[in-house]
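Presented below is the structure to which this report refers.
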Ligand SMILES: [Zn+2]
């Protein structure tokens, strides 16, 4: 198996896991329950790890992750040039809707 993603925040790892599953890529989570109940990191803490069940999915999985990162980038309004946060579907300056990726 190949390690595709790891992060101290288990929710992010699970988000990536679900993205990959939507794309038809089988994954396995390791160290899922390593994090303490308080959410604080102990000195010897291990991060949750997301592993690919099939090595041949690696390239495809990396593509899915790259696309996810693109989605999270800020976008420029085509009408007024305002730099909008990734979470917004409408320009907060003029209200124009976010341009589609293609
Ligand atoms: Zn605008």
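Scanning the range 56-76 turns up at least one residue that is loosely packed, with under 14 Cβ neighbours inside 10 Å, closer than 30 Å to residue 10 by Cβ and within 16 Å of the ligand (Cβ to nearest atom).
Is it the case that the range 81-95 has a residue that's within 9 Å of the ligand (Cβ to nearest atom) and on the phi > 0 side of the Ramachandran plot?
Kept after step one, since they are within 9 Å of the ligand (Cβ to nearest atom), are these residues of the range 81-95: 81-82, 84, 90-95.
Those still in the list that are on the phi > 0 side of the Ramachandran plot too: 81, 95.
For the range 81-95, residues within 9 Å of the ligand (Cβ to nearest atom) and on the phi > 0 side of the Ramachandran plot: present.
Take residue 89 and tell me if it is surrounded by 11 or more Cβ atoms within 10 Å (Cβ to Cβ) and under 22 Å from the mean Cα position of the chain (by Cα). If you could, list the steps in order and put the result at the bottom.
Details: surrounded by 11 or more Cβ atoms within 10 Å (Cβ to Cβ): no; under 22 Å from the mean Cα position of the chain (by Cα): yes.
In short, no.
Every number here is computed from the coordinates shown, using simple stated rules; none is lab data. Computed from a predicted model, the values in this text were never measured in an experiment. No Cβ is skipped: glycine too gets one built from the backbone with ideal geometry, and neighbour counts run over all protein chains shown.
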